[in-house]
Structures are given as C-alpha cells and as structure tokens.
Amino acid sequence: MNEGTVVSIHLIPTAGGAASAVAEATAIPGQGLKGDRYGEGIGTYSNKPGPSRELTLIEAEALEGLKREDGLDLAPGDSRRNIVTRGVALNHLVDREFFVGAVRAKGIRLCEPCARLAELTDPKAHPGLIHRGGLRAQILSGGTIRAGDTIRPA
C-alpha cells in the first residue's frame, strides 16, 4: 500500500443534507464521525447498522476522472463521502487495517455509488463512479482526523 494524504474532510449533519468541509473531525469507534449523520445515527441508511457506515473515503483522483471522462464536476463534499484522499488506492484496502492520521481503521467494502447519490447530485454520478466510488471503513481506534494527515498501512 502506498501512503496517501487526507485532502479534505466532510460532514453531513442530516440525511439528504449538504456537506460541510471541516479542518478536522473526531472519529468514534462503533459510531462514526462526530457531527456526521451516520455518526449520530440519523443517516438515510442508519436503520441498517454495521461497521461499514462509520467512515467513508473517496480518491480525489476518482473525482478528477469523473470530470475528465464524463464531464461531471462533482465537488468533493457532493460525493457524500467523509474523507477525500490523494495517492492511495482505496480499493486495495478492503479487509486491511490502515491509519488515517492516528486513527486506526479497517476497510470493510467498496463504497459503490447508489441511486441516492445520483438523486442528490447528477444521474451521471452513478455510472461514473462504479468501482471507484471509494471505501467503507470501520473505525477501530478513536481520535482526531485532520486535513493533511497521512494514510498508511497498519
């Protein structure tokens, strides 16, 4: 695994709400990011609990590819993922433990785009992000995640 960087952090306080970029976020094991809809248990899919909703990540390179290949300029927060990364292949982190700054996490599964993303953004977002929609991860140890933090193997 190559080391990567946290480009930006986004919290969405309510289901269907707009994302807010923040400089840092508190990661809570078994819950999610403090202030985010899933961390607070009020997300659209919070009725389907499990570790795969605690933390979501997407590669900046995927968003750049979406713009280049599909003409869709999806803002990082509009991806509906918590963390935008650069320099790390997130698909390779499924079933692997890694650090985001000092926070230990485990990749659970790919974060494939859903109809809800297309509904809230643009219909082109769904097909354009298939197999590059990011990663769903479980938070194993809590702490603060900051923009600029390193993402590295555990």
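The values are calculated or read from the model by the stated rules, or taken from the named source; none is laboratory data. All values derive from a computational prediction rather than experimental measurement. Don't worry about glycine lacking a Cβ; one is built from the backbone with ideal geometry, like all the others, and counts go over all protein chains shown.
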Q: Check whether at least one residue in segment 110-131 is under 19 Å from Val6 (Cβ atoms), aliphatic (A, V, I, L, M) and assigned to a helix (DSSP H, G or I), and report yes or no.
A: no
Q: State whether one or more residues within segment 116-126 are closer than 23 Å to Ala21 by Cα, touching a Gly at 6+ places or on another chain (Cβ under 7 Å) and among the acidic types (Asp, Glu).
A: no
Q | Tabulated pairs, segment 8-21, first without any contact (Cβ under 8 Å) to a residue 60 or more places away in the chain, second part of a loop (DSSP other than H, G, I, E, B) and polar (S, T, N, Q), C-beta under 9 angstrom, 6+ apart or interchain | A | Ala15/Thr44; Ala15/Ser46
Q) Going by the conditions given, is Thr85 assigned to a strand (DSSP E or B) and in contact with a Leu (Cβ under 6 Å, 6 or more places away or on another chain)? A) yes
**Q.** Counted residues, segment 34-82 - those being surrounded by fewer than 23 Cβ atoms within 10 Å (Cβ to Cβ), among the small types (Gly, Ala, Ser) and at pLDDT below 90
**A.** 8
Q: Please tell me if Leu55 is under 15 Å from Ala137 (Cα atoms) and of a type outside the set (Ser, Thr, Tyr).
A: yes
(Q) Return the residues of segment 132-154 that are at pLDDT 95 or above, assigned to a loop (DSSP other than H, G, I, E, B) and either surrounded by 20 or more Cβ atoms within 10 Å (Cβ to Cβ) or not small (Gly, Ala, Ser) (or both); say none if nothing qualifies. (A) Leu140, Asp149
Q) What pairs can you find where one residue is in segment 45-56 and part of a loop (DSSP other than H, G, I, E, B), the other is among the polar types (S, T, N, Q) and surrounded by 14 or more Cβ atoms within 10 Å (Cβ to Cβ), and their Cβ atoms are less than 7 Å apart, with a gap of 6+ or different chains? A) Glu54/Gln31; Glu54/Gln138
